[in-house]
1. Amide H of L224: which non-local residues (sequence gap of 5 or more, or other chain) have their own amide H closer than 5 Å, using H built in the peptide plane?
2. Going highest first, how would you order 285-294, 212-221, 59-68, 179-188 by mean Cβ packing within 10 Å?
3. For the chain, take the longest principal axis of its alpha carbons; what is the angle in degrees between that and the long axis of helix 296-320, to the nearest 10 within 0 to 90?
4. Would you please classify the overall shape of the range 105-234 from the alpha carbon gyration tensor, given that a ≥ b ≥ c denote the square roots of the eigenvalues, rounded means a/c under 1.5, and beyond that prolate means a/b larger than b/c while oblate covers the rest?
5. Compute the distance in nm between two label points, each set 7 Å from the Cα along the Cα-to-Cβ direction, one at C170 and one at A97.
6. Going through the range 1-107, which GluC sites (Glu not before Pro) have at most 12 other Cβ atoms within 10 Å and a DSSP loop state?
7. Which of the three applies to the range 73-160, rounded, prolate or oblate, going by the alpha-carbon gyration tensor with a ≥ b ≥ c and a/c under 1.5 meaning rounded?
8. Quick check on the exposure proxy: order F169, F328, F379 from fewest to most C-beta atoms within 10 angstrom.
Amino acid sequence: MNVLVVNAGSSSLKYQLFDTTAGVVRAKGLCERIGIDGKIKHTNLETGAVYEKEIAMANHTVATKIVIDALTSAEYGSVKDMAEIEAVGHRVVHGGAYFSESVLVTPEVMEKLELCRDLAPLHTPAHIMGIEGCTEAMPGTPQVLVFDTAFHTATMPEHVYTYPLEYEFCQKYAVRRYGAHGTSHRYVAGECAKLLGGAEGTKIVTCHLGNGSSISAVKDGKVLDTSMGFTPLAGIEMGTRCGDIDPAIVPYIMTKTGMTPDEVNNYMNKKCGFLGVSGVSSDCRDVASAAKEGNHRAQLALDIVVYEIQKFIGAYTVAMGGLDAVVFTAGIGENDCGMRERVCAGLEFLGVDFDKEKNQGRYSEATELTKPGSKVKVFMIPTNEELVIAKDTEAIVNAL
Ligand code: AMP
């Protein structure tokens, strides 16, 4: 099945055209600076043809039309007309408490998605415009929504997702733990379970470490807990996000600086984390090289994140009543062998027999980083959220 996977961010739109039967990506591309000016880069992976152009994109509906023109171009496109695209799968950042699995787009689903606007104010409008753009360009082509929150909200127990605020308040304003990066955690936990011989009875901690980072406890293939919360600001230190802090710091900052609620939210999302602590960069590579040169604040930023990752692994091991595997994924998890080594250096007592030499290698496929016989295994597993979206879309459309 030809499935177009669309990932609409606040000012960008990434896409991949999958042939799910052959299991290949036929084309991919990125629209950037939507709402500012606009730029597209499209690659036909079958012919190698690349198309790059600066072109006005007032909003995501316009960007979708430009993507469709690229996909159907006689010169660098992949299909003669859009009728050859049998389904569209959209990545959706927040499904609130309404969606705990992927769904077919219907008028009722769009009504519920509208209710998620407040929970992801930057992303939800982009998703809605992306869906509307596809509906206009491909009327009748089924569309599926795959939610970043669904893997978590489907199975997290009530005592894990409920915050100890007033119960009625939380109900009224939909305040609870939702988590994020669920599609990535689902993919790598699934791949890890295959390597362990099946999900039943397994206790896995998945560490999605990128510019945004989250850690999940996955027991029997189901999420028990995850480090992100009501929003993706919670959890461990990230590129520019602070992660968990004492909530009383927020009104304290506001009183001291005069920041408004929006400003303090923006501050904690954009100015903190590696960037704020190190004063060097939000990029882990820059922070690591500054630390190597003796920059104390850069070293501190790394020490904080290593400690926090270990703390989550420890907490989740207790929560699950044991640990079979730790998975590292995303930009840092897949590439930063120094970070993996530092995290695993504290886990020997749990039964991790880490293979430092193997950890130094570069791998494009799932790789075990522990020695044979290690009681707890450590894996590096490259994430593939787009494949999950394509597969969910195919399954839902095939069942129509
Ligand atoms: P992501 O958000 O998944 O794209 O991950 C971005 C983060 O991954 C940044 O902090 C990068 O510094 C980090 N990263 C990407 N490639 C490497 C690499 N080769 N070595 C170390 N860190 C990397």
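Just so it is clear, none of the values below were taken in a lab; they were calculated from the coordinates. These numbers were taken from a predicted model, which means no experiment stands behind them. Every residue, glycine among them, receives a Cβ derived from its backbone with ideal geometry; neighbour counts consider all protein chains shown.
1. HN-HN under 5 Å from L224: A217, V218, K219.
2. Numbers: 285-294: 15.6, 212-221: 24.3, 59-68: 22.6, 179-188: 27.3.
In decreasing order of mean packing, 285-294, 212-221, 59-68, 179-188 become 179-188, 212-221, 59-68, 285-294.
3. So the helix axis and the longest Cα principal axis differ by about 90 degrees.
4. Details: a/c = 2.09, a/b = 1.28, b/c = 1.63.
Oblate shape, in that a/c is at least 1.5 and b/c is the bigger or equal ratio.
5. Reported label-point gap for C170 and A97 is 0.9 nm.
6. Values: sites: E32, E46, E52, E54, E75, E84, E86, E101; in loops: E46, E75, E86, E101.
Here the GluC sites (Glu not before Pro) that fit, given the DSSP loop and packing criteria, are E75.
7. Details: a/c = 2.48, a/b = 2.16, b/c = 1.15.
Prolate, because a/c is 1.5 or more and a/b exceeds b/c.
8. On the way: F169 10, F328 28, F379 21.
Sorted ascending by nearby Cβ count, the order is F169, F379, F328.
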